[in-house]
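Quick notes on the structure that follows.
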Amino acid sequence: MDNSSIIKRINKYKAVSFDIFDTLLKRDVFRPSDVFRIVQTEAQERYEIDIDFKALRINAEKTAREKSQYPEITLDEIYEEVTIQEKEKLKALELEVESLILHCNYSFKPVYDACIDSGKDVYLVSDMYLPTSFLEEVLEREGYEGYRGIIVSADYRKTKRSGELFADFLHSYTLKCVDVIHIGDSWYADYVGPKKCRISSIHIPRVTKNTLYTPVPDDKADFETRSLFAFVNSRVRKVESRDEKLGYEVLGPILYAYCKWIHNQYEEMKTTRSRLWFAARDMYLFKEAYESIYGNSDIKGSDHIDYLYISRRSLRPILTYTTGEITESGKAFSRGDYTIAQIIEKMGYSIDDLSDKYYDKNAKYNIRVLEKYPEVKRLLSSTTILNRERELAEPGIKYLEEKGLFDSDIVLADVGWHGTTQYILRQIQKSVSDRSKLFGLYLGCLDSTNERIGKDNYKAFAFSEEKSSDFDKGILLFESLILAPHGSTRYYQKNGGVIEPVLGEPDNVSEFLENVQRGALQFVKEFKESVVGRNADLSSVNATSAFGKLALSPRKEELESIGNMDYEDFGMGKMAAPKPMRKYILHPGQLHYDLKHSPWRIGFLYKLFKVRLPYAKIYAFARKKQGKST
């Protein structure tokens, strides 16, 4: 039953009573006992109380209920069964944690507000051991005002389930049962219990799934999985647009967990010579998240943490100039076989700049090993090209020098993938000074990374050559969602004695992307400020789970909003934009070409066939049959 149906049904009643927990208020944890786990951690950190508080607290409540002559007990009675000296500190801490994790049920508050606005008499009836004064404070803070009374079982020593608490409720406020309807999430306490006093009732589900790609946890889910779902599920309803919700749920946890991981890794390895670089452009949003979590004032040695304007394009001439090898240019480009015309275009030159106009125009060369082809080196080693390489390289070297590449130990935070940027920077670093080091902290790394930069010279958060993840099925999709609001670094120039990066035009600036990123940063801020964020150590699996489901099983809305995004680095020009099926039936070769050149191939197949099939497995099988890596 949706909110409008509930409001319509309660119109004929003069009074409405609401349950409180999981009806008007939601916790940022999935199970009530998860509160005790947080109290345990907080107690250890604040007071050095090293006990299994969760077990202690559950047993204390059990004992208190067994001893009590009443159906309901109070928090004070529970803590009378806690036998350790610090029990008053623990009780105060439990109330503090409860207050911190409780907040408005954004999904259901419109029903409450409609009752108040229509002039109905509103009451709150709860089976709860917490003090009434505590509940009133939280309810007021969360915007619940205008109710006529609050009835809590701990005060009346009766329960809703038995019906006795409802009987006292009717008597206390001189109400007739036919005039009242009760709403709550517990089948027995909130639906069956009122009916024992002939009060009408409406049962609502305890968990309403508000997430787009995160499933409701099962019984085997760990604390972090449960807490992340509960936090996102209860808070995402207040996020305005679907695009912002997507960022909040799918992108936000990755930003948060990866930045926490970077910080912890850097704190362990840093020395007085260390500098942490966030590499443009892919790390723009991560640097924003990092500062949101830690703030410049909280980052030890924050003057050694920088956002570095670099790209493979801007680093390429520095690489060829410092190493003295023009064929090193090929290391800066994506793998593949290319003609001379294609190679020279990638380098930013024209055919007229070559040393010789006579060459095999159809010959193709493996761009990653151009040093194996003497004719390529000869063609690229023209005076025009070499002079321009030097002109581009000299201010670039100065920029990297000012940032500490040659006199510091650099820790590079980047998306990773194949480790190309680290390889290039390390070659530049070694060619100038071998006194410094370079280590990578990456979101994930694919095949060939170990060979290129050495497996001891980097760590990967989500996936690597030894650790698989659904995340790696959507890396180009991910890149499209984290695009910086500035263009790629083209080269460097001196401006009034200062070396500045020269940037290209921003790519794919759109309201959709702005909303997604705004939602992601909102999650980071809220999770950082929450007691759950302090106590839930999100793993890479927790953080990337929702994104993996987006990449492999997208919904129609994201197929449109993301699939139609521009992506100029691929031949399709869009993330996932297949032509009409009839076109491919007449021209099957076109389907092969378009699929190959689509950055989001799974999205492409979903949009083309319009049925839900395991396209990731189908595509991987087809690639395997062709003898190619997925």
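The values are calculated or read from the model by the stated rules, or taken from the named source; none is laboratory data. For clarity, every value in this text was computed on a predicted model and none was experimentally measured. Backbone-built Cβ (ideal geometry, glycine too); neighbour counts: all protein chains shown. What goes into the accessible areas is simple: the full protein's heavy atoms, side chains included, and nothing from ligands, DNA or RNA. Shrake-Rupley method; radii C 1.70, N 1.55, O 1.52, S 1.80 Å.
Table: residues versus (1) among the acidic types (D, E); (2) not in a helix (DSSP H, G or I).
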{"residue": "E96", "(1), (2)": "yes, no"}
{"residue": "D113", "(1), (2)": "yes, no"}
{"residue": "I116", "(1), (2)": "no, no"}
{"residue": "L130", "(1), (2)": "no, yes"}
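If you go through segment 523-546 one residue at a time, how many are in contact with a strand residue (DSSP E or B) (Cβ under 9 Å, 6 or more places away or on another chain) and farther than 15 Å from A230 by Cα? Going through segment 523-546 one residue at a time, the tally reaches 3.
Any idea which residue in segment 201-210 is most open to solvent (accessible area, probe 1.4 Å), counting only those that are at pLDDT 95 or above and in contact with a helix residue (DSSP H, G or I) (Cβ under 7 Å, 6 or more places away or on another chain)? Going through the qualifying residues, I end up with H203. Here Y213 meets each of (1) in a helix (DSSP H, G or I); (2) closer than 30 Å to G444 by Cβ; (3) modelled with pLDDT of 95 or more; (4) open to solvent by less than 20 Å² (accessible area, probe 1.4 Å) with one exception, condition (1). Taking the criterion of being open to solvent by 30 Å² or more (accessible area, probe 1.4 Å) and modelled with pLDDT under 95, the only residue of segment 93-118 that qualifies is Y106.
Matching residues to (1) assigned to a helix (DSSP H, G or I); (2) open to solvent by less than 60 Å² (accessible area, probe 1.4 Å); (3) in contact with an Asp or Glu (Cβ under 9 Å, 6 or more places away or on another chain); (4) under 30 Å from K26 (Cα atoms):
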{"site": "V502", "(1), (2), (3), (4)": "no, yes, no, no"}
{"site": "E505", "(1), (2), (3), (4)": "no, no, no, no"}
{"site": "Q517", "(1), (2), (3), (4)": "yes, yes, yes, yes"}
{"site": "F523", "(1), (2), (3), (4)": "yes, yes, yes, yes"}
{"site": "F527", "(1), (2), (3), (4)": "yes, yes, no, yes"}
{"site": "L538", "(1), (2), (3), (4)": "no, yes, yes, yes"}
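Scanning segment 231-259 for residues that are open to solvent by 10 Å² or more (accessible area, probe 1.4 Å), in contact (Cβ under 8 Å) with a residue 12 or more places away in the chain and over 14 Å from the mean Cα position of the chain (by Cα) yields a total of 6. If you go through segment 158-184 and keep only what is among the hydroxyl-bearing types (S, T, Y) and farther than 17 Å from V122 by Cβ, you end up with T159, S162. Residues that are surrounded by fewer than 20 Cβ atoms within 10 Å (Cβ to Cβ), assigned to a helix (DSSP H, G or I) and of a type in the set (A, V, I, L, M, F, W, C) within segment 476-500 comprise just one, L476. For segment 424-452, filtering for residues that are open to solvent by 20 Å² or more (accessible area, probe 1.4 Å), closer than 20 Å to Y266 by Cα and more than 25 Å from the chain's Cα centre (by Cα) leaves 3.
Among the residues of segment 331-345, those that are outside any loop (DSSP other than H, G, I, E, B), in contact (Cβ under 8 Å) with a residue 12 or more places away in the chain and surrounded by fewer than 17 Cβ atoms within 10 Å (Cβ to Cβ) comprise D337, A341.
For segment 150-190, the set of residues classified as of a type in the set (D, E), part of a helix (DSSP H, G or I), touching a residue at least 40 places away in the same chain (Cβ under 8 Å) and open to solvent by 10 Å² or more (accessible area, probe 1.4 Å) consists of E164, D179, listed by residue number. Considering each residue of segment 339-354, count those that are more than 11 Å from R388 (Cβ to Cβ) and of a type outside the set (A, V, I, L, M), and give that number. Summing the residues that are more than 11 Å from R388 (Cβ to Cβ) and of a type outside the set (A, V, I, L, M) in segment 339-354 gives 6.
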